[in-house]
1. Lys and Arg at +1, Asp and Glu at -1: add these up for the other residues within a Cβ distance under 14 Å of ARG36 and post the number.
2. Lys and Arg at +1, Asp and Glu at -1: add these up for the other residues within a Cβ distance under 14 Å of ILE97 and post the number.
3. Could you work out [θ]222 nm for the chain from helices alone, using -39500 (n - 2.57) per DSSP H run of at least four and dividing by all its residues? Round to the nearest 500 deg cm²/dmol.
4. What does the convex hull of the Cα atoms come to per residue for segment 84-188, in Å³?
5. Calculate the spin-label point distance for ARG69 paired with ILE291, positioning each point 7 Å from the Cα along the beta-carbon direction, and give it in nanometres.
6. By how many degrees, between 0 and 90 and to the nearest 10, does the Cα long axis of helix 3-14 differ from the longest principal axis of the chain?
7. Just one of (i) 138; (ii) 127; (iii) 176 is volume of the Cα convex hull per residue in Å³ as worked out from the coordinates here. Which one is it?
8. Using θ = phi - 60° and the Karplus relation 6.51 cos²θ - 1.76 cosθ + 1.60, list the HN-Hα couplings for segment 187-196 in order, rounded to whole Hz, with x at every Gly or Pro.
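The values are calculated or read from the model by the stated rules, or taken from the named source; none is laboratory data. All values reported here derive from a predicted model rather than from experimental measurement. Here Cβ is always computed from backbone atoms with ideal geometry, including for glycine, and neighbour counts include all displayed protein chains. Accessible surface is based on the protein model in full, side chains and every heavy atom, while ligands, DNA and RNA are left aside. Shrake-Rupley method; radii C 1.70, N 1.55, O 1.52, S 1.80 Å.
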Amino acid sequence: MAVWPTIERFIAEHGAAALVTLAQAQGSSPREVGARMVVAPGGAFTGTIGGGALEWGALAEAQALLARRDGVAVARLDRALGPDLGQCCGGRVLLTIERFGASDRESIAPLAKSEREGVLTTISAVGGNGRLVRRVAAERSPGSAYDVQPDGRVIERFGEEPTAFYLFGAGHVGRALVTALAPLPFAVTWTDARPGAIPEMFPPNVAAIRDGEPVEMLARAPDGAFVAVMTHSHALDLDLVIAALQANRFAYVGLIGSATKRARFTSAMQKTGMAAGVVEKLVCPIGLTTIKDKAPAAIAASVAAQVLMAREAASAANKTSATQPGRARHG
């Protein structure tokens, strides 16, 4: 969810909006600190803080705050999920609810603009009405989406940097995978030079490339990108897989196919002199092998789950590397 563009839109359409933020969590909670949702006066909302009784109560409190006319701009909910709400998570959470109206448009506009352009980090202090007064930070926050500093300031991160995902092939599975990745944090570059292979309509996180040399295009992919190969040609598949693995800079290289296809590709790559350790990095068959359904949508769901797991693993590895003394950081 784009937070500030949504708040800006809700104010334009409904006159006001409330921002609900999961500011603190102790023990188990349904969402992580920094989870947010934006609520309109009539109850329409986007985003989630975890669902269930916690979210239902937060929606009611947000609407109540939006209905007030006494100038109060902030409410806080401190809830023990078990005793207070009957939820089995067992933790305790603090929610902040902030009210915004037409008079806030000028201060919201630069935040909305910055978030549309990418990940937004803000530094905030509590203002006179109890609401956070935010300014755009010069550097992105490497921490959580909501960090309270020792001096009381709050550093927040809005939006998420999508992972570059290079998808080669627009067959049945390729089309299904594009749909499966649409709501997920991936920026997809989709390539197939066959006339009409890539449809005219596709999700907004996709850039379609209908011409050019696929292997050369792979060379332009950024470090850490994910690569999924599922073209109409086994020869092209092999060329792409060899180029991707030899580059030794991609976080994931997946190939659609069976164990037999993997064995044939492994043999072909070893004959070119590729080291066994490099060849072993190939993910084939692609997707979660525990899912046996071969329908394109099922394969796509399986691949989407697998790449989300790989994305989280790569993110954790990058954070560990960044925090270890003496280790070089790579962008």
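1. Working: positive: ARG31, ARG134, ARG157; negative: GLU32, GLU55, GLU98, GLU115, GLU156, GLU160.
After counting each charged neighbour, the total is -3.
2. +2
3. Details: 9 runs with 116 residues, N = 331.
Rounded to the nearest 500, the figure is -11000 deg cm²/dmol.
4. Details: hull volume 21.3 nm³, N = 105.
Once divided by residue count, the hull of segment 84-188 is 203 Å³.
5. Modelled inter-label distance: 5.3 nm.
6. It is inclined by approximately 60 degrees.
7. (iii)
8. 9, 8, 9, 10, 10, 6, 8, 5, x, x
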